[in-house]
2 protein chains.
Amino acid sequence: MSTPVTIGFDIGGTNMRAGAITEAGNIIDSTATEAPHDADELQEGIVRIVNKFRADHCIGAVGLAIAGFLDPDCEIVRFAPHLPWRDRHARAELQAALGVPVRLEHDANAAAWGEYKFGGAQGHDNWVLFALGTGIGATLMQDGNIYRGAFGTAPEFGHIQVVPHGRPCACGKRGCLERYCSGTALEQTARELLADNPITTSILSDHPELTGKTVMDAARQSDPIATAAVTSIAEWLGLALSMVVDILDPGMILIGGGMSADHDVYLPQATEIMAANIVGSGYRPVPTVSTAKLGGNAGMIGVADLARQLFIDKNQQK
Amino acid sequence: MSTPVTIGFDIGGTNMRAGAITEAGNIIDSTATEAPHDADELQEGIVRIVNKFRADHCIGAVGLAIAGFLDPDCEIVRFAPHLPWRDRHARAELQAALGVPVRLEHDANAAAWGEYKFGGAQGHDNWVLFALGTGIGATLMQDGNIYRGAFGTAPEFGHIQVVPHGRPCACGKRGCLERYCSGTALEQTARELLADNPITTSILSDHPELTGKTVMDAARQSDPIATAAVTSIAEWLGLALSMVVDILDPGMILIGGGMSADHDVYLPQATEIMAANIVGSGYRPVPTVSTAKLGGNAGMIGVADLARQLFIDKNQQK
């Protein structure tokens, strides 16, 4: 048995991943499995994974990064589009089942905390994580604290209407920002450009599996359709970031999420568009735009660190 | 000579108004004059008004609500579209000229403080003032503090692009929210509807002075063009408020500004549209939407109260 680790979970709609994480934010053991679609089975699956880790590690606390809405006290999972939990008191139930302190956190907030403690936001107190992946996630960090709003849901940029009568969104509305500025938007824009330009020669024309990632890779090879699609994403991201600056006025913006790995392809253009579109452009400081450092592990590492605080608090009370 | 009052100024592009204001937020004396267009003359005009008040009142401190960008410490007026000050250290200069503590504040923030202390937001700690007038102003209050952002400019909703290639805006961009959701937008929408519907009978057709206010009054008389214009404003306001809720997640929204007096005409519809368009609609609490209580005096009263704190601090140090 080594010194206590904390277990960090990243619970997504398809998979759940977990890691045994040290005080320095290092993952020393990890596992991944499909996420059960039944509410109770999801909880049992989490307990099973923690108990497996117990064979090799002394566990001080457990943290779960959740892709969904929590209450402001992080006790209840109100609603998660891709998870079976609805108004579930997940924190207390899991803590009772596991016998160690449990911490829940919204996945973007957990990732922001990870980047703040161990990644690209170290030393920054007022900044925004803008996570670009399947959709958009965002966190505002203020004086080293996660901004939660009155009901725990802020800040959500993905479903702001940016095009009246625009692309339909799974949320039921049309013209949401996510439909123009995300990995799935990149794919859709490429498909639309292919359909509108049938005589243009493109690697993507007969691609067996068109995704945001394949479009990004084709843009690196100067494919004309892919390049046009990436330019569209860069323009929308620039506008989205100008919205972040106008409304939240952060000192720094960190781009995270699955698309951040390819930042060199679109971020310089997006940053220029951001600076040109903010209120008072030319008469006010412009925040720096940087990229996340912990990749897909940021949420797991962040929530494990937040959970560690419970473990420390518990021991200080003794 | 009575007990000390504080002088609150509301400095706009056309006029400046000032009031002698008591600890309870009551205006016991007031004056208004044109705002000089020269930077030094503006300062001299302010000094002259304060000195006039000195004949009748004991003045403890002076506050100025400014329609422009300040630095986060409220020392410097960086840029104000309709004022002659640019990067001017207005607070220190005025304090030296007046011999009493001086406080600067952004006009929407000052109005929010006034409503928080004496008006429609009393008892609310996490809320947003959304001011609808010529343009849009907004303030986020958090645990009783004004949210400033890293550079003192947050939150600005007026120049978010909501219609690609939309109406041109004085800011140089196109499709800004203010161009669809403000008093000036109401006027423009009515003009466009009149042009597009030449055979519709409308009070507004030959109106000698078409403004947002005349359109609002015509809507109260069920004029078809005015009603359609107000409906458009209500729809855009609903979307704007859903943006406020998604991004800032306040516990309450207070509608202020010149258009708030006519809230009964558009706000019920706007509030419904807001609730239908927020993220997680149906799975999360919806903030109440209420209206400001201090009218056009909110900024003056608010900044006078903020200035009073300096006076109290000064006396406590003695």
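The values are calculated or read from the model by the stated rules, or taken from the named source; none is laboratory data. Computed from a predicted structure; not experimentally measured. Glycine gets a Cβ as well: all are built from the backbone with ideal geometry, and neighbour counts include every protein chain shown.
Does B:THR6 qualify as being surrounded by 13 or more Cβ atoms within 10 Å (Cβ to Cβ) and of a type outside the set (Phe, Trp, Tyr)?
Criteria met by B:THR6.
So which of A:ALA32, A:ALA65 is of a type outside the set (Asp, Glu), outside the structural domain of A:GLY144 (by TED's automatic domain parsing), in a strand (DSSP E or B) and under 17 Å from the mean Cα position of the chain (by Cα)?
Matching residue, one of A:ALA32, A:ALA65: A:ALA65.
Kindly indicate whether B:THR184 is assigned by TED's automatic domain parsing to the domain that holds B:GLY137, β-branched (Val, Ile, Thr) and in contact with a helix residue (DSSP H, G or I) (Cβ under 7 Å, 6 or more places away or on another chain).
yes
Output the number of the condition that A:TRP85 fails; it satisfies all remaining conditions of (1) within 14 Å of chain B (Cβ to nearest Cβ); (2) within 23 Å of A:TYR147 (Cβ to Cβ).
(2)
Tally up the residues in the stretch B:84-103 that are within 14 Å of B:ASP305 (Cβ to Cβ) and under 20 Å from the mean Cα position of the chain (by Cα), please.
1
Within the stretch B:266-288, track down each residue that is within 14 Å of another protein chain (Cβ to nearest Cβ), over 19 Å from A:CYS176 (Cα atoms) and crowded, with 24+ Cβ neighbours inside 10 Å.
Within the stretch B:266-288, just B:PRO287 meets the criteria.
Any idea which of (1) farther than 25 Å from B:ALA234 by Cα; (2) not assigned by TED's automatic domain parsing to the domain that holds B:ASP107 is the one B:ARG284 doesn't satisfy?
Tallying (1) farther than 25 Å from B:ALA234 by Cα; (2) not assigned by TED's automatic domain parsing to the domain that holds B:ASP107, B:ARG284 fails exactly one: (1).
Picking from B:ARG78, B:ARG103, which residue would you name as being surrounded by 20 or more Cβ atoms within 10 Å (Cβ to Cβ) and basic (Lys, Arg)?
B:ARG103
Could you tell me which residue of the stretch B:115-132 is farthest from the other protein chains (Cβ to nearest Cβ), considering only residues that are surrounded by fewer than 24 Cβ atoms within 10 Å (Cβ to Cβ) and in contact (Cβ under 8 Å) with a residue 40 or more places away in the chain?
For the stretch B:115-132, the residue satisfying everything is B:PHE118.
So which of B:LEU64, B:LEU70, B:LEU42 is surrounded by 17 or more Cβ atoms within 10 Å (Cβ to Cβ) and within 14 Å of chain A (Cβ to nearest Cβ)?
B:LEU70
Return the pair list, or none, for Cβ contacts closer than 7 Å from residues in the stretch B:198-219 that are surrounded by 14 or more Cβ atoms within 10 Å (Cβ to Cβ) to residues that are part of a loop (DSSP other than H, G, I, E, B) and among the polar types (S, T, N, Q), at least 6 apart or on different chains.
What qualifies is B:ILE203/B:GLN221.
Identify, from the list A:ASP264, A:ASP305, the residue that is in contact (Cβ under 8 Å) with a residue 12 or more places away in the chain and at negative phi.
The conditions single out A:ASP305.
I need the full set of residues from the stretch A:289-318 which are of a type in the set (Asp, Glu) and surrounded by 15 or more Cβ atoms within 10 Å (Cβ to Cβ), in order please.
Within the stretch A:289-318, A:ASP305 is the sole residue that qualifies.
Hey, any hits in the stretch A:126-144 for a residue that's part of a loop (DSSP other than H, G, I, E, B), more than 22 Å from A:VAL244 (Cβ to Cβ) and out of contact with any helix residue (DSSP H, G or I) (no Cβ under 8 Å at 6 or more places or on another chain)?
Scanning the stretch A:126-144 turns up no residue that is part of a loop (DSSP other than H, G, I, E, B), more than 22 Å from A:VAL244 (Cβ to Cβ) and out of contact with any helix residue (DSSP H, G or I) (no Cβ under 8 Å at 6 or more places or on another chain).
Can you find even one residue in the stretch A:98-107 that is under 20 Å from B:LEU248 (Cα atoms), more than 9 Å from chain B (Cβ to nearest Cβ) and part of a loop (DSSP other than H, G, I, E, B)?
Within the stretch A:98-107 (the criterion being under 20 Å from B:LEU248 (Cα atoms), more than 9 Å from chain B (Cβ to nearest Cβ) and part of a loop (DSSP other than H, G, I, E, B)), the answer is no, since none of the residues qualifies.
Go through (1) in a strand (DSSP E or B); (2) in contact with a Leu (Cβ under 9 Å, 6 or more places away or on another chain) and name the single condition A:GLY19 misses.
Result: A:GLY19 passes all but (2).
Quick one: what pairs do we get from the stretch B:77-105, first residue under 17 Å from B:ASP40 (Cβ atoms) and not assigned by TED's automatic domain parsing to the domain that holds B:ASP10, second among the hydroxyl-bearing types (Ser, Thr, Tyr) and surrounded by fewer than 17 Cβ atoms within 10 Å (Cβ to Cβ), C-beta under 8 Å, 6+ apart or different chains?
Listed pairs, sorted by first residue: none to list.
Mind checking which pairs have a first residue in the stretch A:150-175 that is more than 7 Å from chain B (Cβ to nearest Cβ) and a second that is among the polar types (S, T, N, Q), Cβ under 6 Å, 6 or more apart or different chains?
Listed pairs, sorted by first residue: A:GLY175/A:GLN161.
Looking only at residues that are over 20 Å from the mean Cα position of the chain (by Cα) and among the polar types (S, T, N, Q) in the stretch B:274-315, which one is modelled with the highest pLDDT?
Among those that are over 20 Å from the mean Cα position of the chain (by Cα) and among the polar types (S, T, N, Q), it is B:ASN277.
Can you confirm whether A:LEU241 is within 19 Å of B:VAL244 (Cα to Cα), within 14 Å of chain B (Cβ to nearest Cβ) and touching a residue at least 40 places away in the same chain (Cβ under 8 Å)?
yes
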